[in-house]
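Peer 1: Before we start, here is the structure in question, set down as structure tokens.
The values are calculated or read from the model by the stated rules, or taken from the named source; none is laboratory data. No experiment lies behind these values; they were computed from the predicted model shown. All Cβ positions, even for glycine, are placed from backbone atoms using ideal geometry, and neighbour counts span all protein chains on display.
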Amino acid sequence: MEDWLRNVPSYALYGEEIDEIIPERMHCESIAERSELYEWEIRPHRHEVFFQILYVEQGQGVALVDQQRFDLTGPCALWIPPLLTHGFQFSQGIRGYVLTIEDGLLPSLLGESLLQSTLAYPQRLLFAVDEAEYQHFHQVMAAILLEYKHSSWGRLQALHANLSLLLVHLGRALMQQQDTLTVTQDNRAGRHVRKYLALVDRHYRQHRPVQFYAERLGITPTQLNRVCQQVLGKTALTVIHQRLLLEGKRDLLYANLSINEVAQSLGFADQAYFSRFFTRHSGTTPSEFRQQARQQLVSGRATPLQRNADIV
């Protein structure tokens, strides 16, 4: 099992590398738009930093989530948290959409408590066409699609507002249905890693050791390293370093801060220490990265998926 999980690729979207992130912090496309390219089969993969909502309006499909089979007959929806291995097979002519959402966006929209209590695990939602909750869900999904495809004033705010509403309707319907996938021994490692990533996101500026995080998870540092290797293919310390590097890149590219101010904001003792850390993990100095990245933005050579910060 561990070898199988380790070899499963991690994507931002299916077929795209994890170091690309979406400006709106979400992405929406039809099921057919991508699956048709792969002969209606999306092979097992996972997303390190994205939740997904698969909405089947009409047609049929099969989902495999951590080796559990789910029959998908429209109308229905499937909620998939980050890190869980999943793949799909769809019937031709299927109608529906895939909504991909950066995990850091959800707590600000929904609240940490609701997210953890209701949407912490993969769940399938079976709709009846005539039920009110389905009508609400369908209408809000249609509003998201409309905003996503156009560039009207206030587009980003409208997208996030509608996404909040969609998550509320999804959560309410899931609570009523209580059609939750069984949490198996195999995805216990995934739960540990999700909690670890959330802790790192709160404490990375304080440069806490791996022991600090392991104690809060109720496991040993050795166990934490093992589950990180199993699920992410990297050590627990590498996760901390990459989170620091990510924020450093964001600040260098988007914030009007000196390199010394960036270093201080990230908890480094001095600019020289930060520069050595950044160069060792990125292959370029902070000043070189800032100059090259900003030149790409100005010249338009960076793609929309590259214009936000890298996930490394």
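Peer 1: Find all pairs meeting these conditions: Cβ atoms under 8 angstrom apart; at least six residues apart or on different chains; first residue within segment 260-287 and under 13 Å from ARG250 (Cα atoms); second residue among the acidic types (Asp, Glu).
Peer 2: VAL262/ASP251; ALA263/ASP270; SER265/ASP251; LEU266/GLU247; LEU266/ASP251
Peer 1: Further question: Filter segment 282-291 for residues that are surrounded by 15 or more Cβ atoms within 10 Å (Cβ to Cβ) and not basic (Lys, Arg); which is nearest to ARG208 (Cα to Cα)?
Peer 2: If we take residues in segment 282-291 being surrounded by 15 or more Cβ atoms within 10 Å (Cβ to Cβ) and not basic (Lys, Arg), then SER282 is nearest to ARG208 (Cα to Cα).
Peer 1: Still on this model: For segment 134-150, indicate whether the set of residues that are in contact with a Pro (Cβ under 7 Å, 6 or more places away or on another chain), assigned by TED's automatic domain parsing to the domain that holds LEU54 and at pLDDT 85 or above is non-empty.
Peer 2: The answer is yes, given that some residue of segment 134-150 is in contact with a Pro (Cβ under 7 Å, 6 or more places away or on another chain), assigned by TED's automatic domain parsing to the domain that holds LEU54 and at pLDDT 85 or above.
Peer 1: Just checking, does segment 266-279 include any residue being at pLDDT below 95, over 21 Å from LEU197 (Cβ atoms) and either touching a Lys or Arg at 6+ places or on another chain (Cβ under 9 Å) or not aliphatic (A, V, I, L, M) (or both)?
Peer 2: Yes, because at least one residue in segment 266-279 is at pLDDT below 95, over 21 Å from LEU197 (Cβ atoms) and either touching a Lys or Arg at 6+ places or on another chain (Cβ under 9 Å) or not aliphatic (A, V, I, L, M) (or both).
Peer 1: Of all residues in segment 247-259, how many are touching a residue at least 12 places away in the same chain (Cβ under 8 Å) and touching a helix residue (DSSP H, G or I) at 6+ places or on another chain (Cβ under 9 Å)?
Peer 2: 7
Peer 1: A further question follows. Please count how many residues of segment 126-159 are surrounded by fewer than 15 Cβ atoms within 10 Å (Cβ to Cβ), aliphatic (A, V, I, L, M) and over 25 Å from ASP71 (Cα atoms).
Peer 2: Total satisfying the criteria: 2.
Peer 1: List the helices (runs of 4 or more DSSP H) that sit entirely inside segment 9-123 and contain at least 2 residues that are crowded, with 18+ Cβ neighbours inside 10 Å and at pLDDT below 75.
Peer 2: 112-118
Peer 1: Would a scan of segment 150-163 turn up a residue that is within 19 Å of LEU54 (Cβ to Cβ) and among the hydroxyl-bearing types (Ser, Thr, Tyr)?
Peer 2: no
Peer 1: Now for a different question. Going through VAL231, VAL262 one at a time, which residue ends up being assigned by TED's automatic domain parsing to the domain that holds GLU288, crowded, with 19+ Cβ neighbours inside 10 Å and over 23 Å from the mean Cα position of the chain (by Cα)?
Peer 2: VAL262
Peer 1: Let me ask something additional. Would you mind telling me which numbered condition in (1) among the aliphatic types (A, V, I, L, M); (2) in contact with a helix residue (DSSP H, G or I) (Cβ under 7 Å, 6 or more places away or on another chain); (3) within 21 Å of HIS45 (Cβ to Cβ) LEU78 fails?
Peer 2: (2)
Peer 1: Which members of segment 292-312 meet the condition of being modelled with pLDDT of 60 or more and crowded, with 17+ Cβ neighbours inside 10 Å?
Peer 2: Residue satisfying the conditions is ALA293 alone.
Peer 1: Another one. Is there a residue being touching a Cys at 6+ places or on another chain (Cβ under 9 Å), surrounded by fewer than 16 Cβ atoms within 10 Å (Cβ to Cβ) and assigned by TED's automatic domain parsing to the domain that holds PHE278 anywhere in segment 219-226?
Peer 2: no
Peer 1: List every residue pair whose Cβ atoms sit under 8 Å apart, with the two residues 6 or more apart in sequence or on different chains, where the first one lies in segment 24-47 and is within 20 Å of LEU83 (Cα to Cα) and the second, anywhere, is of a type in the set (Lys, Arg).
Peer 2: ILE42/ARG34
Peer 1: Which numbered condition in (1) crowded, with 16+ Cβ neighbours inside 10 Å; (2) over 24 Å from LEU83 (Cβ atoms); (3) touching a Ser or Thr at 6+ places or on another chain (Cβ under 8 Å) is the only one that PHE274 fails?
Peer 2: (3)
Peer 1: May I pose another question? Could you say whether any residue in segment 167-179 is within 24 Å of the chain's Cα centre (by Cα), of a type in the set (Asp, Glu) and within 20 Å of LEU72 (Cβ to Cβ)?
Peer 2: Yes, that holds for at least one residue.
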